[in-house]
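Engineer: Take a look at the following structure, please.
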Amino acid sequence: MFLNSIFPNLPNSTIELLIYVVAALGTVLITYAVFLEIERRQDLVFFVGASCLFVYALFIGNKVFMVATAGLAIASLVEFIEILIGLHKHDKNELKRIKSLGKYKK
C-alpha cells in the first residue's frame, strides 16, 4: 500500500484516530502557550494542552507521561484560579529587574 511506507501504523478505529488528533492538538497548544504574553490565557492554554496530552498518555498507558502531564495541568489550573481570585500578583519592580538582567552594562 502506498501510505503504508509513510505511515506504518495507521489508526484502526475512529476513536484511535481521535486520540491521535487530540495528542497533536495538545502538542500544538503547549508549544503555543510558551509564546503567549498574557499569563491568564497562557495558563488556560497550558491546562487544555496538558489535558489533551494526558488523554494520549492514558491511551498509550505510559505512567510517567501521565504524571508529568497531570502535574502540568494541575499547576496551570491552580495558577489560573489564583489569578482569578487575586492571590497571584507580581511585584511592580520585578518586571524592571528582569528587563535589566538582559541588558549589558558597560
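The values are calculated or read from the model by the stated rules, or taken from the named source; none is laboratory data. Here the structure is a predicted model, which is why all the values come from computation and not from measurement. Cβ coordinates were reconstructed from backbone atoms using ideal geometry, including for glycine residues, and neighbour counts include every protein chain displayed. Accessible surface areas use protein heavy atoms only, side chains included; no ligands, DNA or RNA. Shrake-Rupley method; radii C 1.70, N 1.55, O 1.52, S 1.80 Å.
Engineer: Give segment 22-41 a look and list any residue that's over 9 Å from the mean Cα position of the chain (by Cα) and either open to solvent by 80 Å² or more (accessible area, probe 1.4 Å) or closer than 30 Å to K89 by Cβ (or both), or say none. It would help to see each step written out before you state the result.
Structural biologist: Residues of segment 22-41 over 9 Å from the mean Cα position of the chain (by Cα): 22-25, 35-41.
Passing the criteria: L25, F35, L36, E37, I38, E39, R40, R41.
Engineer: Now for a different question. Are any residues in segment 60-70 open to solvent by less than 40 Å² (accessible area, probe 1.4 Å) and not polar (S, T, N, Q), and if so, which ones? Don't jump to the end; show me each part of the working.
Structural biologist: Of the residues in segment 60-70, the ones open to solvent by less than 40 Å² (accessible area, probe 1.4 Å) are 66, 69-70.
Within segment 60-70, M66, A70 qualify.
Engineer: Where residues in segment 56-74 are out of contact with any Phe, Trp or Tyr (no Cβ under 8 Å at 6 or more places or on another chain) and among the aliphatic types (A, V, I, L, M), which of them is modelled with the lowest pLDDT?
Structural biologist: The residue in question is I60.
Engineer: Six or more apart or on different chains, Cβ under 8 Å: which pairs go from a residue in segment 10-23 that's within 17 Å of L53 (Cβ to Cβ) and assigned to a loop (DSSP other than H, G, I, E, B) to one that's open to solvent by 90 Å² or more (accessible area, probe 1.4 Å) and modelled with pLDDT under 90? Could you list them?
Structural biologist: Listed pairs, sorted by first residue: none to list.
Engineer: Same structure, new question: Given the condition farther than 22 Å from I83 by Cα, assigned to a helix (DSSP H, G or I) and open to solvent by less than 80 Å² (accessible area, probe 1.4 Å), answer yes or no: does some residue in segment 42-53 qualify?
Structural biologist: Keep residues of segment 42-53 that are farther than 22 Å from I83 by Cα, which gives 52-53.
Next, from what is left, pick out any that are assigned to a helix (DSSP H, G or I): 52-53.
Pick out the ones that are also open to solvent by less than 80 Å² (accessible area, probe 1.4 Å) and you get 52-53.
Checked segment 42-53: at least one residue is farther than 22 Å from I83 by Cα, assigned to a helix (DSSP H, G or I) and open to solvent by less than 80 Å² (accessible area, probe 1.4 Å).
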